[in-house]
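Below is one structure, written out as structure tokens, with a few remarks after it.
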Amino acid sequence: NGQFPTRDNGKPETTYGEVGGAIKARISNTTLKYGEQFVDLPVLSMDDARLLPESTTGFLVTSEEIDGLVLHAGHFTAINALDQTGRDSVSSSGRTLRSIDLAGGRYNFTDNLSAAYYYADAKTGNKGSYVAAHVDVDGKDVAQSGGRYNAKKQYLNVNYVHPIADDQSVTVDFNAYSTRFQNKELTEKRTTKNNIRSLSVAYNLGAHTFTVGGQKVEGNHAGGYEYGYDGGGSVYVLNDVQYYWFGAKGEKSYQARYDLDFAQYGIPGLSFMTRYVRGSKIEGADGRRQGKNWERDTDIAYTVQSGAAKDLSMRVRNATYRSNSAAIEGGARTDVNEVRFIVEYPLSIL
């Protein structure tokens, strides 16, 4: 299940670990970091959903020289997988990353309006190696024999907060990805594409937040929306939720969500969230759009506010996911019930 490395005999390792490091240099409000690091950007995001998180090796420049503007530029050459300790191990999406160049940033136009744009150009796969992925060529699903391809990804976000009163506001959030894959192993170079976008509206009333929104997948890629090279633990769209990301080919999905902050009821640090996501129009191998699925999540979290255990956080997550046979044939996941218990405690070393 991706928790531990597996030996040649199929049994998991009983223990494993790794050590990594990075060096950092700073001039004014610009920072350069090189080495093994955890990156959380819309076009390269390390997955931390297992015992050891993913990590990536390379350069990352972060600049905040202009007020309200944050810029990033990076070049990375390896990803360390969740269940491996090798520097250039296969990521949880089934790919090896040869290199990726990225650039982008976020600008706050006003206190209530901001926008972000990121671009990434990745080269993946090893020549002559097999990768369990597919491309759509002339309407047919064709396996990538060599698994080498280039992936060009763009991300756009616009976020606007409209204040109504001191304890009321409406937030509109739009996210979109556009990805192009070019298979480097086919005799005739073919490009497949997948796009995904989401729009949400959240109404905040004191301790309560009510959110509704929708998401849509487009493109000719047989696998629907495929993130491409890293673990995909954080895709910056509305319906990338606890278990599933509602990104099958042609899928349309909708979400209703409720959040409660208990701080206004005298219990700071305690929060509650529940949501329901429903998807449909998933396209199967026969071209029919009969796939349907849904997920219901509940999340309760508490962070200690003072004392020796200050900042210790505990979180319980429950997910129930269901899909019909047409959805599974179209690339969606199978049914699941899961409960996660997460404890985090930050240690200040320096």
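Below, the figures for the structure above:
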quantity	calculated
Verdict on Ile282 being in contact with a helix residue (DSSP H, G or I) (Cβ under 6 Å, 6 or more places away or on another chain) and either assigned to a strand (DSSP E or B) or at pLDDT 90 or above (or both)	yes
Residue satisfying condition, being of a type in the set (Gly, Ala, Ser) and surrounded by fewer than 18 Cβ atoms within 10 Å (Cβ to Cβ), within set Ser323, Ser253, Ser271, Ser348	Ser348
Pairs with Cβ under 6 Å, 6+ apart, first in the range 251-272 and free of Cβ contacts under 8 Å to residues at least 60 places away in the same chain and under 30 Å from Ile196 (Cβ atoms), second open to solvent by less than 40 Å² (accessible area, probe 1.4 Å) and β-branched (Val, Ile, Thr)	Ser253/Val277; Gln255/Val277; Arg257/Thr211; Asp259/Thr209
Boolean, Leu199 is at pLDDT 75 or above, surrounded by fewer than 19 Cβ atoms within 10 Å (Cβ to Cβ), farther than 28 Å from Pro53 by Cβ and not small (Gly, Ala, Ser)	yes
Number of the condition not met by Lys310 [criteria: (1) under 21 Å from the mean Cα position of the chain (by Cα); (2) open to solvent by 80 Å² or more (accessible area, probe 1.4 Å)]	(1)
Every pair of residues 6+ apart whose Cβ atoms lie under 6 Å, when the first sits in the range 16-30 and is farther than 20 Å from Ala78 by Cα while the second is among the small types (Gly, Ala, Ser)	Thr30/Ser63
Check on Leu156, part of a strand (DSSP E or B), under 21 Å from Asp101 (Cα atoms), open to solvent by 70 Å² or more (accessible area, probe 1.4 Å) and modelled with pLDDT of 95 or more	yes
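The values are calculated or read from the model by the stated rules, or taken from the named source; none is laboratory data. These numbers come from a predicted model, not from an experiment. Cβ atoms come from the backbone with ideal geometry, glycine included; neighbour counts cover every protein chain shown. When the accessible area is computed, the model is the full protein with side chains, heavy atoms only, and any ligands, DNA or RNA have been set aside. Shrake-Rupley method; radii C 1.70, N 1.55, O 1.52, S 1.80 Å.
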